[in-house]
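The values are calculated or read from the model by the stated rules, or taken from the named source; none is laboratory data. Everything quoted here is computed from the prediction, not taken from an experiment. Cβ coordinates were reconstructed from backbone atoms using ideal geometry, including for glycine residues, and neighbour counts include every protein chain displayed.
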Amino acid sequence: MLGGKFFLFIVSYLVLVVVCVNCDNLNINPYTVLGLKKDATAEIIRQQYKKLVKEWHPDKSKHPQAEAKFIEITKAYELLSDPDRRSIYDNYGILNEDSVLLRKGDNRHSFHQEFMNPFEEDLSLFHEISISQKYFDQYVISKSKNNPYLIIIYSNFCFKCSTLVSVIKKLQGILDPLGIRFASINAAHEPQLMRKIGVNSVPSLILVIDQNYYIYREPSFKGQHVIDFVRRKLPYKVVTAVDDSNIEKFLQGWIDNRVRVLIFQPKGQIRLRYLLAAFKFRHRAAFGFTMLNTKESQNTQKQFNVHPNADTMLIFHENVEQPVASISMNGIQMDTLNDMIFSNQYLTLPRLSSQEILENLCPAEWNRPKKRLCVVLVIQNSIDHNIALQSLRKIASRSSYSIDRVRYTYIFEEKQPEFLKSLDAGFEKKNFLNIVIIWRRDNSHIKYEWVNDFKEGNKSEKTEEILKLKLDSTIQRLLQSTESLDYEAFVSNLLDEHAQGLFGMFMNKMLFLTEYLYDNVQHEHLLAFASVVGTIAFILIVGYIMANLVRIEEENLKKNGKIDSKSSCKTLSSNHSPELKLHELRVEKYNGLVRLLKPGCRTIILITDLNSRKKLIPDFHKAVWPYRKNKTLMFGHMLIEKGLCWYSELLRLSLSEPRSLQINPKNCVGTVIALNGHRKYFCVYHAKHPDSKLDNKRIFKMAKYLVNDVEEGLPQFLAPNGLNTKLTEENLLMGLSNWLDRLFEGMTDRYYVNYWPDFSTK
């Protein structure tokens, strides 16, 4: 038994080695793709990759194989930039990033599991189209603007995934020719991408369209169900229903700078291929659908001589009476649809309404030997300029130059002011037709020349013919390689006139969110959501009922005279207003108000006497009221008769030299001190402070010390006129508000003490 298993393992390994040796012949050589040697360093590989990407990027290269070449270059770089994958390729020639040799752990054990996987052969289709998260983010999301993607989520050991392969093959054969791309993601290799998309089971099917992704939620993976799923997720009203009642309005809508595509089909649901074509060209063409052989479309069918039993497509430009292109057959092929619409996607005289249109109609030609000119009519969005617009349209339709060499367009002056401002040289703002001929050297560099010789408002054929001759002679001269245009300028990008506004973007997001919730919210989610909403509603209803019961009870009590309405209102108002409590500085409160203050906290004390107490405390309360919500402040007052000894000792400790002070209690009335208990300093306000103001006219100066020192014999107060002046109780605290502002800004003087003196009333 053991020998048989070992023999099977050896045979399996030899088979894999043979396959790996020949892998190089069956697949691309990454070194050849990047044009490198096998000994190239990581830096050389990175530089060569950047160079090739710039050359072959589908948005920059017009080569028909640019997209395939770009994918090939990207895959080659991903392989060579990974040291492990590069080493495996150099040794065994293995290109597949899902190779068992790249798995972590015991390679032999992993190899045995992979080789003996009974579903590996069935999942070969998924391995071939497998993509990474980087490819999904950078390529699939951007390309889904025009081509939807169907992505299969699978894993290596998934029996249901293997049964899904046949369905995907059939869908690929049906939908791939219509422009729907297929890809797969290995759930085991891309867990972050699975969480981002919201997939938690395999197999799953994801539709990526217009940079949004939708999860296929139906239990059965039947082909028709998937096709219906794709049909439902296409943008709303990508095709307009057209009949005899609105045919004229539909065809006349070309003012939005889009051609009109009218599709006729016998009775039945519109084909998916027409919907996908309408989605792909929705920015350049408006699609209408008309059901044949019905009473509502009888006149339209007769007007355009449409075959009653075949699909017909008509493309209209400005002339709504005659289509510029038409085709009729049983089921128009997708390639034919795309080619016809692409060849006629611009009006006879298109408007330069976005940078994308400018790039397509007047591409930059720095690498081409021949010039490509654009004749641009500058007008305003007004009916007054319709004559000029019609004249240039006729000239464009009769032009002898191909659209690859000369393109006639127009631009709205008020819509693109920044672009036209750059072309101000040679511009004459008169009652003339303003036509500028431009040649784009690169994305921002333009050479141009103005033609301003013809007055507008004249619709005669003679004037029109003169204009045509003048333009033809100018164009013929400028197309010569030896001729150059008069002026050059650097311009900014055109504004996108078709971009959605904020309201439109908001509505689209709301529609997408609604659709997403409809698709993803399960039955159990609805029950949980309903439970939460019900609970909240129940609480609100009960609260409303209780509030009404309280109100009814209060009204009954008022009627019975048990409560007074005025007093209740006062009580309610007083409860809502914050309190400001003033503490009296006494022996029992001294530690709490001063010594034991927490860091950052301060106590502001007003000094009064028995006579001035009733007058000064209300003024002090009014001054400190704005600071009542500050939790780092406490407010209080002190009778100088009780705290004279403490206040005298506090002032003495703050002096730079020891001396005895005899305090006059009358001079202390109205003083405010701010005490910082933790840092042991205080600030003092007194009406004699030089920064205080009694009124707007007189500015006072304080004496040399904060109090009247009897020994020095200092005057009580010295006014500017040199006369002694006494302060009254009414104006002692007039400057307190300004002092408080400076206090909290740190602009007041601080007087430090080594310790707080004991509070004594003796």
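Odds and ends about this structure:
- When residues of the stretch 646-675 are limited to those that are in contact (Cβ under 8 Å) with a residue 60 or more places away in the chain and small (Gly, Ala, Ser), the one nearest to residue 599 (Cα to Cα): 674
- For residue 675, the stated conditions hold: it is under 23 Å from residue 610 (Cα atoms), in the same structural domain as residue 610 (by TED's automatic domain parsing) and either modelled with pLDDT of 90 or more or surrounded by fewer than 12 Cβ atoms within 10 Å (Cβ to Cβ) (or both).
- Some residue of the stretch 262-272 being within 27 Å of residue 351 (Cα to Cα) and surrounded by fewer than 16 Cβ atoms within 10 Å (Cβ to Cβ): no
- The set of residues in the stretch 640-682 being within 60 Å of the chain's Cα centre (by Cα) and more than 11 Å from residue 756 (Cα to Cα) consists of 671, 672, 673, 674.
- Residue in the stretch 260-278 that is charged (D, E, K, R) and closer than 30 Å to residue 393 by Cα present: yes
- Among the strands (runs of 3 or more DSSP E) confined to the stretch 273-339, the ones with at least 2 residues that are more than 15 Å from residue 240 (Cα to Cα) and assigned by TED's automatic domain parsing to the domain that holds residue 242 are located at 311-316, 325-329.
- Within the stretch 614-642, being in a helix (DSSP H, G or I), farther than 14 Å from residue 736 by Cβ and touching a Leu at 6+ places or on another chain (Cβ under 7 Å) holds for one residue alone: 641.
- From 347, 423, residue being touching a His at 6+ places or on another chain (Cβ under 6 Å), under 25 Å from residue 479 (Cβ atoms) and surrounded by 19 or more Cβ atoms within 10 Å (Cβ to Cβ): 347
- Only one of the numbered conditions (1) touching a Lys or Arg at 6+ places or on another chain (Cβ under 8 Å); (2) modelled with pLDDT of 90 or more; (3) farther than 16 Å from residue 160 by Cα is not met by residue 225, and that is (1).
- Filtered by the rule that a residue be under 26 Å from residue 499 (Cβ atoms) and among the aliphatic types (A, V, I, L, M), the stretch 350-374 gives 352, 357, 358, 361, 364.
- Of all residues in the stretch 155-179, those that are farther than 29 Å from residue 279 by Cβ have Cβ atoms under 7 Å from Cβ atoms of residues that are in a helix (DSSP H, G or I), 6 or more apart or on another chain, in 155/161.
- Of all positions in the stretch 606-621, none carries a residue that is among the acidic types (Asp, Glu), loosely packed, with under 13 Cβ neighbours inside 10 Å and modelled with pLDDT of 85 or more.
- The residue that is nearest to residue 672 (Cα to Cα), counting only those in the stretch 556-605 that are assigned to a loop (DSSP other than H, G, I, E, B) and modelled with pLDDT under 60, is 578.
- From the list 259, 242, the lone residue that is crowded, with 20+ Cβ neighbours inside 10 Å, in contact with a Gly (Cβ under 6 Å, 6 or more places away or on another chain) and not acidic (Asp, Glu) is 242.
- Residues in the stretch 149-181 that are charged (D, E, K, R) and in a helix (DSSP H, G or I): 160, 169, 170, 176.
- Test: residue 173 is of a type in the set (Gly, Ala, Ser) and surrounded by fewer than 14 Cβ atoms within 10 Å (Cβ to Cβ): yes
- Within the stretch 215-254, the residues that satisfy the criterion of being over 27 Å from residue 301 (Cα atoms) and assigned to a loop (DSSP other than H, G, I, E, B) are 216, 217, 218, 219, 220, 221, 222, 234, 235.
- The residues on offer are 643, 600, 636, and the sole one that is over 18 Å from residue 686 (Cβ atoms), touching a residue at least 40 places away in the same chain (Cβ under 8 Å) and in the same structural domain as residue 739 (by TED's automatic domain parsing) is 600.
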